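The values are calculated or read from the model by the stated rules, or taken from the named source; none is laboratory data. Computed from a predicted structure; not experimentally measured. Here the Cβ positions follow ideal geometry from the backbone for every residue, glycine too, while neighbour counts run over all protein chains shown. Heads up: the accessible areas ignore ligands, DNA and RNA and are worked out on the full protein's heavy atoms, side chains in. Shrake-Rupley method; radii C 1.70, N 1.55, O 1.52, S 1.80 Å.
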Amino acid sequence: MSSLPADMENALTGSQSSRASLRDVHSINPTQLMARIESYEGREKKGISDVRRTFCLFVTFDLLFVTLLWIIELNVNGGIENTLEKEVVQYDFYSSYFDIFLLAVFRFKVLILAYAVCRLRHWWAIALTTAVTSAFLLAKVILSKLFSQGAFGYVLPIISFILAWIETWFLDFKVLPQEAEEENRLLIVQDASERAALIPGCLSDGQFYSPPESEAGSEEAEEKQDSEKPLLEL
């Protein structure tokens with residue numbers, strides 16, 4: 001017994017929403033619909049949205065910033081050639097910063113390949129890079145001897161960790177929701193344009209004409225004048 005009123009309520013709400021959508025279709029100007037569709041199609045022709053391009057620029061900034069810090073660290077610790085040979089050729093997990101640079105290269109390659117080349121619309125790639133970065137940096141901070149090598153022992157791990165999580169936040173809360181919202185708007189506009197094209201009798205304002213109203217009592221005044229003329233002649 002309780003299911004019948006619920007079904008009737010759902011049917012009523014569905015009919016009301018459909019009527020509201022039809023009213024919206026009648027109220028929308030066809031030129032505005034075409035302009036919106038063309039704008040959304042122009043965005044699709046770009047191949048990549050503005051917010052996704054900003055994300056890719058931030059990923060590039062991540063790589064360049066970590067590289068700059070690593071080069072500064074090489075110069076501070078006795079020159080680029082000597083320190084580079086020590087950190088790359090004679091690599092040591094406990095004292096080298098070269099692996100943090102490779103970690104930034106790993107993030108850059110995976111994220112650019114996934115979200116710029118393949119245009120992925122899922123979070124699994126950024127989750128992979130952030131998880132690998134966080135686990136590696138935590139292990140390096142706990143096991144290595146970076147804190148005894150000056151300020152860069154603090155700066156490079158902390159900067160890499162923060163940048164990786166900023167990329168995760170930006171993709172999950174900005175890129176993916178905004179692109180999904182734009183796609184939904186495009187579907188709604190296309191649906192409205194198709195409904196407007198299928199509905200007959202969409203008349204413009206120029207097809208309706210109402211003649212000017214005559215003054216009140218004008219016909220009665222003319223009849224009185226016509227009836228009074230013979231009396232005046234007599």
| remark: To the nearest Å², the heavy-atom accessible area per residue of segment 59-111 with 1.4 Å probe amounts to 53
| task | Express in nm, to one decimal, how much length is gained between F58 and A127 on full extension, taking 0.36 nm for each residue of separation and deducting their alpha carbon distance. | result | 23.2 nm
| message | Test of understanding: extend the Cα→C-beta vector of I162 to 7 Å, then name every residue of segment 82-117 with backbone N under 11 Å from that spot. | response | none
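Efficiency by 1/(1 + (r/R0)^6): what FRET value for A151 and C118, r their Cβ-Cβ distance, R0 = 30 Å, to the nearest 0.05?
It comes out at approximately 0.20.
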